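K.L.:
Quick one: structure below, then a few questions.
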Amino acid sequence: MLNGTIRSYDAGVQALIVERIRTLAAGVAAGFGATAQVTVHDGYPALVNAPEQAAQAIRVAGGIVGAAMVDGNAPRLTGSEDFSYMLQHAPGAFLWLGQGHGPTLHNPAFDFNDDLIPLGATILVRLAEDRLRA
């Protein structure tokens, strides 16, 4: 038995990977006179920010904390995030509210910095206000 996670930023690429895994598994098994069964459980889709909403978030956050404190070119991540389902139905943007160094989310030693709650709330309120003015 072999278990793993398949993650990509494109549904077409995801489907191709699954197809190739099935083909490879069948070929390797046939080489040993056996058969293979591939079971794929769909997980979270890729989280892809909408360009307009991402640009708005960068601009609004920069107006609050200063443009130098906002990284609008952060590397893409392939983590599992349920917000990706929302972005399949409505354009939006996922933001990371940086809290410095230390253990990250989903680590048992993670300790959210409660002092950042007012900043996060301010960003969300200003995003809503900005959108209502548009």
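Read-outs throughout are calculated quantities, based only on the coordinates presented, and are distinct from any laboratory measurement. The shown structure was predicted, so the numbers you read here are calculated from the model rather than taken from an experiment.
K.L.:
In whole angstrom, how long is each semi-axis of the equivalent ellipsoid of segment 1-43, when you take the square root of 5 times every eigenvalue of its Cα gyration tensor and sort them from largest down?
P.N.:
So the three semi-axes of segment 1-43 are 22, 11, 7 Å.
K.L.:
Still on this model: If you take the Cα atoms of segment 1-129, find Rg, then find the Kirkwood Rh from the mean of 1/r over all pairs, what is Rg/Rh?
P.N.:
Value, to two decimals: 1.12.
K.L.:
Next question. Is segment 16-75 rounded, prolate or oblate when judged by the Cα gyration tensor, a ≥ b ≥ c being the square roots of its eigenvalues, rounded requiring a/c under 1.5 and prolate requiring a/b larger than b/c?
P.N.:
Verdict is prolate for segment 16-75.
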